[in-house]
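Undergrad: Structure incoming, see below.
The values are calculated or read from the model by the stated rules, or taken from the named source; none is laboratory data. From a predicted model like this one, the values you see are computed outputs, not experimental measurements. Quick reminder, even Gly has a Cβ in these numbers, built from the backbone with ideal geometry, and neighbours come from all protein chains shown. Note: accessible area is taken over every heavy atom of the protein model, side chains too, but ligands, DNA and RNA are not part of it. Shrake-Rupley method; radii C 1.70, N 1.55, O 1.52, S 1.80 Å.
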Amino acid sequence: MLPTGHIAAGFLTAHALIKILKPDLDASQVNQLLAFGAFWGFAPDLDVFYSFARQKNLLVSHKDTPNHHKFFFHAPVSWLAPGLLIFIFGGLDYTKIFGLVLWLASWSHFLLDSVEYGIMWLWPFNRKIYALSRREEGFRIEDKNFFKHSFKFLYLYSKRISFYLEILIILIATYFIIQIYR
């Protein structure tokens, strides 16, 4: 999934937590938590920058691109631990909700990646990648021209279920953003 879908899912996760738990927070704190949710929803993909540095280019699906889903940053326990620690030891409602947002918004990322691409759900005990509907390891686009590569990637991506799931999530998030900030 692209960053837009993960950001929207993280936002929706934070929004749902706030609606369900109804913490005593002011509007500024709610806005901060929504922004953090959007960020934590995307954050596991920050490891892709390590991939870019390692391969020395910005091509996301070249044959030489390492699978960033095999880095520890893409392991759910890497996000569960800090989120739960902040929740358990946080004294204020805001801090506790922040811990839950960190944990659950990042896990929204993993759930979405688990649809087709897969995640190391059992890391550090097992590095196997688990997915609901496993397709080939990824797109392996040979073209090294950045723009041709990017257009080919988007064309291939538009043929996957993740593409349509991402559009749906973005539309739902947009609806709630309009409702909140109207």
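Undergrad: How much accessible surface area, in Å² rounded to 10, belongs to the heavy atoms of residue 123 with a 1.4 Å probe?
TA: Spelled out: residue 123, probe radius 1.4 Å, area about 60 Å².
Undergrad: Cβ under 14 Å from residue 3's Cβ, residue 3 left aside: what net charge do those residues give with Lys, Arg +1 and Asp, Glu -1?
TA: Working: positive: none; negative: 45, 47, 113, 166.
That works out to -4.
Undergrad: Let me ask you something else. Counting only protein chains, not ligands or nucleic acids, how are 45, 26 ordered by accessible area (probe 1.4 Å), most first? Write out the running numbers ahead of the final one.
TA: Values: 45 15, 26 85 Å².
Greatest to least solvent exposure: 26, 45.
Undergrad: Oh, and also: May I ask you to rank 157, 164 by accessible area, largest first, using a 1.4 Å probe over the protein chains only?
TA: Details: 157 5, 164 135 Å².
So the residues, ranked largest to smallest area, are 164, 157.
Undergrad: What accessible surface, in Å², does a 1.4 Å probe find on residue 15, ignoring ligands, DNA and RNA and rounding to the nearest 10?
TA: 20
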